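Please treat every number below as a calculation from the coordinates, not as lab data. Keep in mind that what you see is a predicted model, and the values were worked out from it rather than measured. Positions of Cβ are backbone-derived with ideal geometry, glycine not excepted, and every protein chain shown enters the neighbour counts.
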Amino acid sequence: MRVLFATWAQKGHYQPLVPLGWALRAAGHEVAVLTHPPFAPVVTESGLPAVPVGPDIDVTRQLRERYAPLLHTDAIAGAAEFEKRGGFKGDSEAGRRRDQAQNRLGREMLRIVLDGCTAMLDDAYAFARAWRPDLVVYEPTGFLGGILATVLEVPGVRVLWAPDFSLPMQTLSRRLFGPVIDRFGLSDVDITGTVTLDPCPPDLQVRDDLPRRPMRYVGYPGPLPVAPPELTVRGDRPRVCVTWGTTIHGLRIEGTFLAPEVVRTLSTWDVDVVLAVPESQLPAFGELPPNVIHAGPVPLISVLPACAAVVHQGGGGTTMSSLVSGVPQLAVPTLPDTEFNAKHMAGTGAGIHLPMAGAAVIGKCVRRLLDEPEYRAAAARMRDEAVTMPTPAAVVDGLVDLTSTRL
């Protein structure tokens, strides 16, 4: 069987696809990954074959430049502004302004994704026609995959890495893909695919009637070193992990890279802090306090099980790594998809969603995670549900069955 993958050129979007790609190759199937040319090295270093299509596009640069006019808005107001307004409560005027501004950010993100999809389409279609895949696999913003599956009349498999934030886009398919639909003479484009592989326990996921199959979240964080052994076992004091992904720092969104404030707050506590950030972010922290251990960019799944709490930005990989590790979470999100992740995570009882706050409020929330057993119990329950899901290797035969129905 030939399986064609499609991904947007962001590590957080591509990396959750990798374990499934490995599983398919280990089962004897061919795999190829469509992506923007500058992202091809990320694909090949993961051990999967890359197919560069379309022009050279620097997605991170596009995000930085096109988000710039929206950055200084209520969508991502800084911590001081948050506290001055008394918090962004949903029923407050500040909360409504923040929601509206988040919607503007989301629409601009969607435009950037669609522009990238359009730029890749001609080359991707030419390759797909020649290669003739039996199955197309894609992540939630890999709309190219849904388009190709529809045009080629092969099953499409959408792979989630967190709660399904992209689901509402299916109702907009005609508006989003009108030119593509007309070009290929289609009646519609189903971006949700034939089936969705879902790593979320039911309490974490949206409710709908889509055909979903569970697949255990197996983190692939990239070619990172093994975590120091002493960080993989519990210490004498509670341990709090602080991590902020790479997107927020890379986009240079002023006032929202809150990890240094979190570390300064915890520096006076009777806890050990595991700082899981790359070297490029370290200058923002200054001299690290004695109770802070810089773990570097290590696989979170290796260090989180030994932690009593984790504070992060709400990214999909961090949210799911924390969930399968059974650690209570404090998510302080900035972007629309991270807001979505944080809200659904908090809805399980396994953590707290804090739209934006200063050090004092963050500290109070971390203290609650450490002191209130309800969070630990909920996090353990979610972990137990998540780790019993079928592994990527276990779902491969079911994907083969999807193609057999076409014979």
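Overview of results
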quantity: Inter-probe distance in nm under a simple model that places probes 7 Å from Cα toward Cβ, at Leu210 and Thr44; calculated: 3.3
quantity: Residue-count net charge about Ser267 - beta-carbon cut-off 12 Å; Lys, Arg +1, Asp, Glu -1; calculated: -3
quantity: R0 of 35 Å, Cβ-Cβ distance Glu153-Arg381: FRET efficiency to nearest 0.05; calculated: 0.25
quantity: Theoretical gain in end-to-end length, Arg61 to Leu282 [0.36 nm per residue, Cα-Cα removed]; calculated: 77.4 nm
quantity: Reference-scaled alpha-carbon Rg (2.2 N^0.38 Å with N residues) for the stretch 229-387; calculated: 0.93
quantity: Nonlocal amide H pairs with His294, under 5 Å, H built at 1.01 Å; calculated: Leu275
quantity: Given charges at Cβ of Lys, Arg, Asp, Glu: the stretch 229-387 dipole, positive-most of Ala276, Val311, Ala386; calculated: Ala386
quantity: Other-chain or far-sequence residues with amide H under 5 Å of Ala309's (modelled H); calculated: Arg239, Cys241
quantity: Highest-first arrangement of 367-375, 325-333, where packing means the average Cβ count within 10 Å; calculated: 325-333, 367-375
quantity: Förster-model FRET efficiency, 30 Å R0, Ala360 and Asp236, C-beta, rounded to 0.05; calculated: 0.65
quantity: Rounded Å value of the spacing that divides the Cα centres of the stretch 132-151 and the stretch 181-227; calculated: 12
quantity: Around Leu4: net Lys/Arg minus Asp/Glu count, Cβ-Cβ under 12 Å; calculated: +1
